[in-house]
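A.B. asks: Sharing a structure here in structure tokens format.
The values are calculated or read from the model by the stated rules, or taken from the named source; none is laboratory data. All values reported here derive from a predicted model rather than from experimental measurement. As a convention, Cβ positions derive from the backbone with ideal geometry for all residues, glycine included, and neighbour counts pool all protein chains shown. SASA here: full protein model, heavy atoms, side chains in, ligands and nucleic acids out. Shrake-Rupley method; radii C 1.70, N 1.55, O 1.52, S 1.80 Å.
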Amino acid sequence: MELPETRYAKSGELNIGYQVAGEGPFRLVFVPAFVTHLELQWCIRSFVPLLRSLSSFCRRIRFDRRGTGMSDRIGGAPTLEARMDDVRAVMDAVGSRRAAFYGLSEGAAMSILFAATYPERTAALVLRSGFPRRMWAAEYPWGRTEEEYLSEVERELRVFGPREEAKESIRKLGRFTEEEVEALLNMVRFGSSPGALEALHRMNKEIDIRHVLAAVRVPTLILHGSEDELVPVEVARYMASRIPTARLVELPGLGHLAFGGGPAERIQIELEGFVNDVWEGGGWEEAEADRVLATVLFTDIVGSTAKAAELGDRGWRELLERHHQLIRRQLVRFRGAELDVAGDGFFARFDGPARAVRCASSITEGVRDLGLEVRAGLHTGECELMEGKVGGIAVHIGARVAKEARPGEVLVSSTVKDLVAGAGLRFRDRGVAQLKGVPDEWRLYALDGGA
């Protein structure tokens with residue numbers, strides 16, 4: 001069996017390993033779960049039919065995310081935002097402007113976030129054994145408790161212990177032959193390390209993209225096994241009820257990870273039929289998106305009127321120009337797009353919440369050298385696109401969050417906090433606020449220290 005050649009794409013300073021196979025008319029990006037290894041996965045016998053079937057009707061793209069497999073190692077675990085950067089880098093490397101996405105298990109969360117953030121690059125979305133949140137909450141009773149999660153992590157880290165104990169943790173993932181258990185174990189051991197796997201678990205614990213579900217506008221198919229012991233089928237129903245374009249197919253007799261034979265063949269049938277329908281219906285024709293998930297940033301100078309009176313018109317104009325130059329440099333640095341300037345206030349948009357928070361932090365710290373203080377507010381939500389500008393309720397929320405910020409403070413909505421899991425950003429709970437003109441109460445968080 002001839003394996004596809006492993007190539008590398010540059011994502012910032014990192015090398016991301018990827019493989020491309022198949023000659024179909026459109027591209028499908030396979031977003032992996034857990035730990036992968038592009039070449040060792042071909043040793044898992046039941047996984048091979050899935051790879052072969054995917055490349056039989058499309059141009060299949062798959063990759064090892066940063067920190068695992070054949071991609072460059074990193075300290076800690078990659079955030080969802082960094083994973084999106086890696087996917088775009090791979091798509092650009094193979095010349096794929098637009099593709100369908102197949103997100104498996106924890107890969108589903110990143111796929112959902114990508115589809116909402118880059119609808120112009122996402123033709124369709126397939127989610128298999130996915131989940132939007134890992135931990136229990138009163139309104140999300142299917143997640144893990146702290147005790148359950150610690151026990152699960154401890155069990156899964158046994159893959160690096162005595163081999164017989166290690167195999168037991170692999171068997172929990174699905175119905176595998178002993179040969180496949182051995183191959184999966186080797187893939188995890190060669191594709192990661194104890195520290196990398198523990199960091200990945202810490203990051204996954206913080207995943208919460210529930211607020212993003214309603215922002216997905218591309219055709220979506222959710223596949224979920226009725227015998228999934230790790231992610232109950234109720235989670236799939238929850239996602240299907242919140243993604244406006246979703247269709248749910250429950251697969252009887254299927255566990256969390258099952259790839260070949262029997263019921264698993266239905267995965268390929270459902271997936272192929274779905275993406276072919278989207279293709280034949282013109283879904284791959286790039287249409288200009290009218291709504292997109294974005295992080296909005298608002299800043300304004302504290303005490304600007306008094307400062308202007310103190311400096312006089314000329315001195316104030318000069319200081320304001322230096323303030324504007326500083327902010328624009330930071331927007332370029334963190335890939336933000338300037339949308340509006342009103343007096344001493346800036347309004348900008350980002351495609352990644354962690355970059356937006358770090359940009360806001362750099363601004364608040366940098367203007368102190370000018371003898372100024374600014375307040376900054378951020379929110380992530382679905383925005384309307386209007387001739388290069390963005391509007392809608394998400395923009396109003398971002399502006400109101402900024403109004404609640406104290407001098408020198410970076411204040412974010414709970415949505416932003418949830419989406420920067422694993423980014424190393426620390427926040428202080430600033431309690432619940434009623435934002436003027438915005439329904440409901442909003443929990444806000446202040447960035448704790450620099451970013």
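A.B. asks: Does Glu234 qualify as being more than 30 Å from Gly345 (Cα to Cα), modelled with pLDDT under 95 and either charged (D, E, K, R) or assigned to a strand (DSSP E or B) (or both)?
C.D. replies: Working: more than 30 Å from Gly345 (Cα to Cα): yes; modelled with pLDDT under 95: no; either charged (D, E, K, R) or assigned to a strand (DSSP E or B) (or both): yes.
Spelling it out, it is not the case that Glu234 is more than 30 Å from Gly345 (Cα to Cα), modelled with pLDDT under 95 and either charged (D, E, K, R) or assigned to a strand (DSSP E or B) (or both).
A.B. asks: Can you spot a residue in the stretch 246-259 that is open to solvent by 50 Å² or more (accessible area, probe 1.4 Å) and either in a loop (DSSP other than H, G, I, E, B) or in contact with a Ser or Thr (Cβ under 6 Å, 6 or more places away or on another chain) (or both)?
C.D. replies: Yes, that holds for at least one residue.
Here is a yes/no grid of residues against (1) under 18 Å from Gly67 (Cα atoms); (2) modelled with pLDDT of 90 or more; (3) within 25 Å of the chain's Cα centre (by Cα):
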position: Lys172; (1), (2), (3): no, no, no
position: Arg175; (1), (2), (3): no, no, no
position: Glu180; (1), (2), (3): no, no, no
position: Ala183; (1), (2), (3): no, yes, no
position: Val188; (1), (2), (3): yes, yes, yes
position: Ser192; (1), (2), (3): yes, yes, yes
position: Gly195; (1), (2), (3): yes, yes, yes
position: Met203; (1), (2), (3): yes, no, yes
position: Glu229; (1), (2), (3): no, no, yes
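A.B. asks: Name the residues in the stretch 211-227 that are more than 21 Å from the chain's Cα centre (by Cα) and open to solvent by less than 10 Å² (accessible area, probe 1.4 Å), would you? Steps first, please.
C.D. replies: Initially, the stretch 211-227 is screened for residues more than 21 Å from the chain's Cα centre (by Cα), giving 225-227.
Across the stretch 211-227, the qualifying residue is only Gly225.
A.B. asks: Suppose we keep only residues that are open to solvent by 20 Å² or more (accessible area, probe 1.4 Å) and in contact with a helix residue (DSSP H, G or I) (Cβ under 9 Å, 6 or more places away or on another chain) within the stretch 24-40. Which one would you say is nearest to Asp72 (Cα to Cα)? Give the derivation first.
C.D. replies: Pass one, the stretch 24-40, residues open to solvent by 20 Å² or more (accessible area, probe 1.4 Å): 24-25, 27, 34, 37, 39-40.
From the residues that got through so far, the ones that are in contact with a helix residue (DSSP H, G or I) (Cβ under 9 Å, 6 or more places away or on another chain) too are 24-25, 27, 34, 37, 40.
Details: Gly24: 29, Pro25: 31, Arg27: 24, Phe34: 16, His37: 12, Leu40: 16 Å.
The selected residue is His37.
A.B. asks: A further question follows. Spot the failing condition for Phe427; the list is (1) open to solvent by 10 Å² or more (accessible area, probe 1.4 Å); (2) among the hydrophobic types (A, V, I, L, M, F, W, C); (3) more than 24 Å from the chain's Cα centre (by Cα), and only one is missed.
C.D. replies: Phe427 satisfies every listed condition except (3).
A.B. asks: Are any residues in the stretch 102-142 assigned to a loop (DSSP other than H, G, I, E, B), over 18 Å from Gly255 (Cβ atoms) and open to solvent by 10 Å² or more (accessible area, probe 1.4 Å), and if so, which ones? Even if it seems obvious, please write down each step before you answer.
C.D. replies: Narrowing the stretch 102-142 to residues assigned to a loop (DSSP other than H, G, I, E, B): 105-106, 118, 129-132, 134, 136, 138-139, 141-142.
So of that shortlist, the ones also over 18 Å from Gly255 (Cβ atoms) come out as 118, 132, 134, 136, 138-139, 141.
Passing the criteria: Tyr118, Arg134, Trp136, Ala138, Glu139, Pro141.
A.B. asks: If you don't mind, another one. Specify the residue that is least open to solvent (accessible area, probe 1.4 Å); the eligible residues are those in the stretch 430-451 that are basic (Lys, Arg) and either touching a strand residue (DSSP E or B) at 6+ places or on another chain (Cβ under 9 Å) or not in a loop (DSSP other than H, G, I, E, B) (or both). Let's see the steps before the verdict.
C.D. replies: Kept after step one, since they are basic (Lys, Arg), are these residues of the stretch 430-451: 430, 436, 443.
Next cut, either touching a strand residue (DSSP E or B) at 6+ places or on another chain (Cβ under 9 Å) or not in a loop (DSSP other than H, G, I, E, B) (or both) only: 430, 443.
Details: Arg430: 62, Arg443: 94 Å².
Across the stretch 430-451, the extreme among qualifying residues is Arg430.
A.B. asks: Any idea how many residues of the stretch 15-40 are within 16 Å of Phe101 (Cβ to Cβ) and among the charged types (D, E, K, R)?
C.D. replies: 1
A.B. asks: If you don't mind, another one. So in the stretch 1-16, with the set limited to residues that are charged (D, E, K, R) and part of a loop (DSSP other than H, G, I, E, B), which one is surrounded by the most Cβ atoms within 10 Å (Cβ to Cβ)?
C.D. replies: Among residues in the stretch 1-16 that are charged (D, E, K, R) and part of a loop (DSSP other than H, G, I, E, B), the one surrounded by the most Cβ atoms within 10 Å (Cβ to Cβ) is Glu5.
A.B. asks: Only one of these is of a type in the set (D, E, K, R), under 14 Å from Ala446 (Cα atoms), open to solvent by 10 Å² or more (accessible area, probe 1.4 Å) and not in a helix (DSSP H, G or I): Arg349, Arg375. Name it. Spell out how you get there, then give the answer.
C.D. replies: Working: Arg349 fails: under 14 Å from Ala446 (Cα atoms).
The conditions single out Arg375.
A.B. asks: Take the conditions of a type in the set (Val, Ile, Thr), surrounded by fewer than 15 Cβ atoms within 10 Å (Cβ to Cβ) and assigned to a helix (DSSP H, G or I) and apply them to Val357. Does it pass? Walk me through it before giving the result.
C.D. replies: On the way: of a type in the set (Val, Ile, Thr): yes; surrounded by fewer than 15 Cβ atoms within 10 Å (Cβ to Cβ): no; assigned to a helix (DSSP H, G or I): yes.
Judged against the criteria, Val357 is not a match.
A.B. asks: Still on this structure, I have one more. How many residues are open to solvent by less than 30 Å² (accessible area, probe 1.4 Å) and not in a loop (DSSP other than H, G, I, E, B) if we restrict to the stretch 331-346?
C.D. replies: 4
A.B. asks: Answer yes or no as to whether Leu223 is at pLDDT 95 or above, of a type outside the set (Lys, Arg) and either under 15 Å from Ser105 (Cα atoms) or part of a helix (DSSP H, G or I) (or both). Write out each step before concluding.
C.D. replies: Values: at pLDDT 95 or above: yes; of a type outside the set (Lys, Arg): yes; either under 15 Å from Ser105 (Cα atoms) or part of a helix (DSSP H, G or I) (or both): yes.
So Leu223 fits the description; yes.
A.B. asks: Select from the stretch 412-424 the residues that are outside any strand (DSSP E or B) and either in contact (Cβ under 8 Å) with a residue 40 or more places away in the chain or open to solvent by less than 40 Å² (accessible area, probe 1.4 Å) (or both) and list them in ascending order.
C.D. replies: Residues of the stretch 412-424 that are outside any strand (DSSP E or B), as a first pass: 414-424.
Answer for the stretch 412-424, where residues must be outside any strand (DSSP E or B) and either in contact (Cβ under 8 Å) with a residue 40 or more places away in the chain or open to solvent by less than 40 Å² (accessible area, probe 1.4 Å) (or both): Ser414, Thr415, Val416, Asp418, Leu419, Val420, Ala421, Gly422, Ala423, Gly424.
A.B. asks: Here is a further query. Are there any pairs, at least 6 apart or on different chains, whose C-beta atoms fall under 8 Å, with the first in the stretch 7-24 and under 16 Å from Thr68 (Cα atoms) and the second aromatic (Phe, Trp, Tyr) and open to solvent by less than 40 Å² (accessible area, probe 1.4 Å), and if so, which?
C.D. replies: From residues that are under 16 Å from Thr68 (Cα atoms), the pairs are Arg7/Tyr18; Tyr8/Tyr18; Ala9/Tyr18; Ala9/Phe63; Ile16/Phe63; Gly17/Phe63; Tyr18/Phe63; Gln19/Phe63.
A.B. asks: Filter the stretch 77-97 down to residues that are open to solvent by 40 Å² or more (accessible area, probe 1.4 Å) and touching a residue at least 12 places away in the same chain (Cβ under 8 Å), then give me how many there are. Working first, answer last.
C.D. replies: Looking only at the stretch 77-97, we keep the residues that are open to solvent by 40 Å² or more (accessible area, probe 1.4 Å), and these are 88, 92-93, 95, 97.
Add one more test, that the residue is touching a residue at least 12 places away in the same chain (Cβ under 8 Å), and what stays is 88, 92-93, 97.
Number satisfying all stated conditions: 4.
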